[in-house]
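The structure appears below as structure tokens.
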Amino acid sequence: MRNRIIIPFFFIVVVGFQFQLIAQFTPEELAEREKWEEFLETAKIIGEKQQKSREAVTEPWELTLEKDGVKRKALWKDAEGREKGVMENWRWEIAAYRLDKYLGLNMVPPTVEKRFRGERGSCQLWVDYWIKAKHKNEQKIKVPSYKVFYYNRATYLRWAWDNLIGNEDRHSGNIFITKDWRIVLPDHSRTFRTSKKFTKNLIYTEKHKEGPKIMKELPRAFVDKLKSLNLELIRDIVGEYLTDKEIDAVLIRRDLILKVIDERIKKLGEDKVLY
């Protein structure tokens, strides 16, 4: 039986050497991204089903959308505030997607605002996927030797991303892997934290509770984009979906990330840290 996830529209293809050094979505997928954003915003809702399970903490809605004969499913969330003891916010889903686009991370599925039952919420497309990291680990499936290099680099990039947005909720159940070993990251309703816990230290470091998780290598283009961030620029990127306080926390974590990168460059040399 095939699994389903809340990730984009895309067909799975084998990508070339140069492409896999950085992006997780293929050039073909990226070229259609705006098309699917518009679809999410304007398509008619023809079906709805609320998810109720241990994994679906926010009880999102599974929507079926249709426009011009095209049908797709999407996940809609309107969680806002403390849910089962944890802060959730549907706006952070949209902010994460927009920031992902600017940084060229290309791991976060298309996500837009859409009204449902008279309420505002985030709406994210989904499609078939191969396996969750959780099930990969449980089944002790090894990354093929010829993909280890790319998979490791994608993992370092994922750690940098979740460090930047203060994501306390990344776990093996919401890391999705395609057949050709690309990583896609949905689920960002517990991100953009502002407390000291998320501004004094990064989440993924050599001192991580599960063992060292070091941002060993990162794309030079991604790091340059990090350096370009400032309050006004992030405001332009994310619009109303982040407060100034949340943006300030992003910039604090950005500085912590850059400090780690600089220290590694001094120790190992730039060519060992940036590519």
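Every number here is computed from the coordinates shown, using simple stated rules; none is lab data. Treat the numbers as computed from the prediction; the structure is a model and nothing was measured. Methodologically, a virtual Cβ is constructed for each residue, glycine included, from the backbone with ideal geometry; neighbour enumeration extends over all protein chains shown.
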> Given a Förster distance of 25 angstrom, what is the FRET efficiency for residue 44 paired with residue 240, based on the Cβ-Cβ distance and rounded to 0.05?
Replying inline: 0.50
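To the nearest 20 Debye, how big is the dipole of the stretch 3-272 about its Cα centre, given +1 on the beta carbon of each Lys and Arg and -1 on that of each Asp and Glu? Mind showing how you got there, number by number?
Working: 53 positive and 43 negative charges, 216 e Å.
For the stretch 3-272, the charge dipole is close to 1040 debye.
What is the dipole size for the stretch 119-200, taken about its Cα centre, with +1 at each Lys and Arg Cβ and -1 at each Asp and Glu Cβ, in debye to the nearest 20?
On the way: 17 positive and 8 negative charges, 72 e Å.
Roughly 340 debye, rounded to the nearest 20.
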> With each pseudo-label sitting 7 Å past Cα toward Cβ, what's the residue 233-residue 68 distance in nm, one decimal?
Replying inline: 3.4
> Hey, what number do you get for the chain at 222 nm if only DSSP H runs of n ≥ 4 count, each worth -39500 (n - 2.57), divided across all residues, to the nearest 500?
Replying inline: -11000 deg cm²/dmol
>> Order 256-265, 213-222 from most to least packed using the mean count of other Cβ atoms within 10 Å.
In response: 213-222, 256-265
> In the stretch 96-197, what trypsin sites (Lys or Arg not before Pro) fall in a loop by DSSP, with at most 13 other Cβ atoms inside 10 Å?
Replying inline: 115, 117, 120, 140, 142, 179
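Please identify the chymotrypsin sites (Phe, Trp or Tyr not before Pro) of the stretch 158-220 that satisfy two criteria: DSSP loop assignment and at most 14 other Cβ atoms within 10 Å. Which are they? Provide the component values of the computation, followed by the final result.
Numbers: sites: 159, 161, 176, 181, 192, 198, 204; in loops: 181, 192, 204.
Passing both the DSSP loop test and the Cβ count: no residue.
Rounded to the nearest angstrom and ordered from largest down, what semi-axes does the equivalent ellipsoid of the chain get from its C-alpha gyration tensor (root of 5λ)? Kindly include the intermediate steps, with their values, before the conclusion.
Numbers: eigenvalues 164, 102, 66 Å².
For the chain, the ellipsoid semi-axes come out as 29, 23, 18 Å.
How much length is gained if the chain between residue 119 and residue 147 is pulled fully straight, taking 0.36 nm per residue apart and subtracting their Cα-Cα distance, in nm to one decimal?
Details: separation 28, 0.36 × 28 = 10.08 nm, distance 4.33 nm.
Extra length available between residue 119 and residue 147 comes to 5.8 nm.
Kindly state, to the nearest 0.05, the FRET efficiency for residue 266 paired with residue 180, given R0 = 30 Å and r defined as their beta-carbon distance. Numbers along the way, then the final one.
Values: r = 36 Å, r/R0 = 1.19.
With R0 = 30 Å, the Cβ-Cβ based efficiency is 0.25.
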> Which loop-located GluC sites (Glu not before Pro) does the stretch 28-116 contain, where loop means any DSSP state but H, G, I, E or B and the Cβ has at most 10 other Cβ atoms within 10 Å?
Replying inline: 55
